Amino acid sequence: MKEEEKFYEETFRDTITTVDKAGKWRWIYAIKPKGRWYNIRKVAAYLYFLLFVLVPFIKLDGNPLLMINILDSKFSILGKMFWPHDMFIFAILMIALIVFIVLFTIAFGRLFCGWACPQTIFLEFIFRPIEWLIEGSPSQQRKLDKAEWTIEKIIKKTSKHILYLLISFGIANIFLAYIIGIDELFVMVREPLLEHKKMLFGLIGFSILFYVVFAFVRDLICTTVCPYGRLQSVMVDKNTMQVAYDYSRGEPRARFKKNEIRTQGDCIDCFKCVMVCPTGIDIRNGTQMECVACTACIDECNTVMTAINKPKGLIRYASENELEGGEKIHFNARMKAYSMVLFLLVGLIAFLIVSRNSVDVFISKVKGQLYQENPDGTFSNLYELKIFNKNKSAAIIQLIPENYKNAWVKVIGQQVFNVDAEKMAEYKFFVMIPRDQVLKRSNDLTIGLYLNGKKFNTVKTKFSGPFN
Ligand code: SF4
Ligand code: SF4
């Protein structure tokens, strides 16, 4: 038995595959997958790259399709702008997303990891293929790593890492476009970089981060860093669809011997499913936290089964129940409950987005100020006003006190408040009310809000008067 095979035979219960006996990190030299699932994933991955690159360029109603600008607390989802005071909608959206992920995981296991996680997609379809191209097969890579530094090794290693750095830089640019928006990114590119020091540091930081992750850290992200991976054990159950080894069909495993009438299980213990695994696990030991559902072992085992004239599917997508008794995945009570919660949350989000004002106005009394008595026979109170204009055009806001006769709003030099497109503006203003109507120390005040001459909301606040 080879040294590597012995490692898997003896240690899978108490050792993670990426750490050797001395506690040192074991580099995984995965062989290149081949087969139907890999081909489908390759097409899906290239569409994914295309989408990843194109989304920052797509705009709806003049806003980015998706922008998560945490620096300025500005978010755009499906072309709808969200500001800090919209954060509750964003928070509900996040909760709905978590419920969706949980529900999805209960039903389909780590399908997301293998098919949609940027870490897996970038690693398996960009960075690893470059490695195969430059350094050759896993055995050639192993040999190269152990070899002395020669001109050939220097050229291969340098060219690989230069390519990795360039691609990481490209990914970092796109990633930054999701944060600050593509327009801002282009401004930064056109103008002297030193005028955008923060962004420049961000860009360099992301580039280094992606380079380190894809060149060195790799599977450790999935097996030790990613919280989603570590939560699998509490989300999956016996009905969850997983990449699974059909042990009742495969066991007892035994090496294949030509012309022998086989009485053992279908697994010929060839270790191909282990050699192809990017996280270095042996799926025959059962569902493991390290499995990212990449389907590479399905393809590899299917090739082996075809070669020995056995039906495909010894490793396949299946639930534990299906493997035990043939019962297929079904919509159980837990999934129904999560679906109901998800349905309600989506309904609530849709309502909040549809009923959301395109302009938000916040009025509060200036702290520490009482009332003023004016020579024109009015009392006045001083207020602060914050206007968030989420429109693509400037907004003219007018305030009209509604529950007092001849009351009015006084702002130095103007009667209306202008706010540029997608900007926030702050003003101070007085509300003037004839003395004979201010009857108490604390009076209710209703202010009508008008956008470009049309009423769109009312705000209730207080107006201070003298003691009686
Ligand atoms: S590839 Fe298939 S036959 Fe070979 S060891 Fe894995 S499960 Fe067994
Ligand atoms: S066990 Fe199979 S599906 Fe899971 S990570 Fe390894 S190769 Fe991919």
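Bear in mind that the values in this text are calculations on the coordinates, not laboratory data. On a predicted model such as this, the values are computed, not experimentally measured, just so you know. Counting neighbours? That spans all protein chains shown, and the Cβs are built from the backbone with ideal geometry, glycine included.
Taking loop as defined by DSSP and a crowding limit of 16 other beta carbons within 10 Å, which GluC sites (Glu not before Pro) in the range 103-163 fit? Write down the numbers at each step before the final one.
Details: sites: GLU124, GLU131, GLU135, GLU148, GLU152; in loops: GLU148.
Here the GluC sites (Glu not before Pro) that fit, given the DSSP loop and packing criteria, are GLU148.
Let's see if you can work this out: charge +1 on each Lys and Arg Cβ, -1 on each Asp and Glu Cβ, no other charges. What is the dipole magnitude of the range 359-464 about its Cα centre, in debye to the nearest 20? Let's see the in-between values first.
On the way: 16 positive and 10 negative charges, 44 e Å.
In total the dipole reaches around 220 debye.
Quick one: helix 296-307 against the long Cα principal axis of the chain, what's the angle to the nearest 10°, folded into 0 to 90?
Tilt relative to the chain: about 30 degrees.
What is the mean projected area of the alpha carbon convex hull for the chain, to one decimal in square nanometres?
On the way: hull surface 130.5 nm².
Averaging across all directions leaves 32.6 nm² for the Cα convex hull.
Mind giving me the FRET efficiency for SER139 and ILE40? R0 is 22 Å, r the Cβ-Cβ distance, nearest 0.05 is fine.
Values: r = 27 Å, r/R0 = 1.24.
Calculated value: 0.20.
Report Rg/Rh for the range 359-464, rounded to two decimals, where Rg is the Cα radius of gyration and Rh the Kirkwood radius. It would help to have the intermediate numbers written out before the result.
On the way: Rg = 13.8 Å, Rh = 14.2 Å.
My calculation of the ratio gives 0.97.
For the chain, with only Lys/Arg (+1) and Asp/Glu (-1) charged at the beta-carbon, what is the dipole magnitude about the Cα centre, in debye rounded to 20? Please report the intermediate quantities before stating the final value.
Numbers: 60 positive and 45 negative charges, 55 e Å.
For the chain, the charge dipole is close to 260 debye.
In the range 418-447, which residues have a backbone nitrogen under 12 Å from the label point lying 7 Å from TRP408's Cα in the Cα-to-Cβ direction?
Hits in the range 418-447 for TRP408 at 12 Å: 432-434.
For the range 293-376, take the alpha-carbon Rg, divide it by the Kirkwood Rh, and send me Rg/Rh. Please report the intermediate quantities before stating the final value.
Values: Rg = 30.8 Å, Rh = 20.0 Å.
Taking Rh as the inverse mean 1/r over Cα pairs, Rg/Rh reads 1.54.
Would you kindly compute the Cα radius of gyration of the range 169-277 and its largest Cα-Cα separation (Dmax), both in Å?
Here Rg and the maximum Cα pair distance are 24.3, 76 Å.
Tell me, what ³J(HN,Hα) does each residue in the range 254-269 have, in order and in whole Hz, if you take phi through Karplus 6.51 cos²θ - 1.76 cosθ + 1.60 with θ = phi - 60° and put x for Gly and Pro?
6, 4, 7, 10, 4, 6, 9, 7, 7, 10, 7, x, 6, 6, 9, 6
Pairing the Cα long axis of helix 151-180 with the longest principal axis of the chain, what angle in degrees results, from 0 to 90 and rounded to the nearest 10?
Helix 151-180 sits at roughly 30 degrees to that axis.
Can you figure out the FRET efficiency of TRP27 with LYS312, using R₀ = 35 Å and their beta-carbon distance, to the nearest 0.05?
Working: r = 31 Å, r/R0 = 0.88.
Once rounded, the FRET efficiency stands at 0.70.
Please list, in chain and number order, the residues 5+ apart from ALA244 or on another chain whose amide H is under 5 Å from its amide H, with Hs placed from the backbone.
Result for ALA244 returns ARG316, TYR317, ALA318.
Tabulate in residue order the Karplus-calculated ³J(HN,Hα) for the range 210-217, using 6.51 cos²θ - 1.76 cosθ + 1.60 with θ = phi - 60°, rounded to whole Hz; enter x for Gly and Pro.
Calculated HN-Hα couplings, in order: 5, 4, 4, 4, 7, 8, 10, 7 Hz.
Can you give the FRET efficiency for LEU78 and PHE186, using 1/(1 + (r/R0)^6), R0 = 25 Å, r = Cβ-Cβ distance, to the nearest 0.05? Let's see the in-between values first.
Values: r = 22 Å, r/R0 = 0.89.
For R0 = 25 Å, the calculated efficiency reads 0.65.
So, with +1 on the Cβ of K and R and -1 on the Cβ of D and E, and no other charges, what is the size of the charge dipole of the range 205-279 about its Cα centre, to the nearest 20 debye? Mind dumping the intermediate values first?
Details: 10 positive and 7 negative charges, 47 e Å.
Result for the range 205-279 is approximately 220 debye, rounded to the nearest 20.
Tell me, PHE467, PHE169, PHE201 in order of fewest to most beta-carbon neighbours within 10 Å? All intermediate terms of the calculation are to be shown ahead of the outcome.
Numbers: PHE467 5, PHE169 16, PHE201 10.
Exposure proxy ranking, most exposed first: PHE467, PHE201, PHE169.
Return the sequence-ordered ³J(HN,Hα) values of the range 219-236 in whole Hz as given by the Karplus equation 6.51 cos²θ - 1.76 cosθ + 1.60 applied to θ = phi - 60°, using x for Gly and Pro.
4, 4, 4, 6, 8, 10, 9, 5, x, 4, x, 6, 8, 3, 4, 8, 9, 8
Could you give the angle, 0 to 90 degrees to the nearest 10, between helix 87-108's Cα long axis and the longest principal axis of the Cα atoms of the chain?
Taking Cα atoms only, the helix is inclined about 20 degrees.
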